[in-house]
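Data block below; observations after.
Since every read-out is calculated from the coordinates, none of them should be taken as a lab result. Worth saying up front: this structure is predicted, and the values here are computed from it rather than measured. FYI the Cβ positions are ideal-geometry reconstructions off the backbone, even for glycines, and counts take in every protein chain you see.
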Amino acid sequence: MKNRLSSSMTFGAALLMTSMALATVPLFAHHGANLYDMTKTVKITGTIAKFYWGNPHNEITIDGTDEKGANAQWVAYTEPPLVMLERGWTRKSLNFGDKVTAYIFAAKNGSSVGTLNRIVLPDGKTLEAYPMPAAPAR
């Protein structure tokens, strides 16, 4: 009986530890806004190279130039599709080759990735993606 109880306790402890470890995986897998400079945007003018509409985030690849005239391929992320639908986006909002102006909260490490603030389409229409954070309350 004692051996059986010991086995049950060992199994229970192992199950508890495994459950706790699995519960933390999403915390490490998901990136947050702390990776990006959310105090200002970088203006990118260029063409849409790719538009991925899907979870966990939409992804837009833009072949363009920044404010300094440097050529670069930028990757901008948006909120998930359901959030973007509420903001007026659809999976057909952007097309390969569209000439756009994008405003991106760039990565703090200097790489050409970031969170999309807004994008101006060829017809002049602006689609909002992630609002500029409000100033902290004083």
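Charge tally for A129 (other residues, Cβ to Cβ under 10 Å; Lys, Arg +1; Asp, Glu -1): 0. Remark: M38, M84 ranked as M38, M84, counting other beta-carbon atoms within 10 Å and listing the fewest first.
For E67, the shell of other residues with beta-carbons less than 15 Å away shows a net charge of +1, using +1 for Lys and Arg and -1 for Asp and Glu.
Of the GluC sites (Glu not before Pro) in region 46-107, the ones in a loop by DSSP (not H, G, I, E or B) with at most 10 other beta carbons within 10 Å are E67.
Here's the list of lysines a cross-link from K68 could span, going by alpha-carbon distance under 28 Å and ignoring same-chain residues fewer than 8 apart: K40, K43, K50, K99, K108, K125. Ranking of L94, L82, L116, L121 by neighbouring Cβ atoms within 10 Å, starting from the fewest: L82, L121, L94, L116. Taking 17 Å as the straight-line reach from the Cα of K92, the aspartates and glutamates in range (excluding those fewer than 8 positions away in the same chain) are E59, E79, D123, E128.
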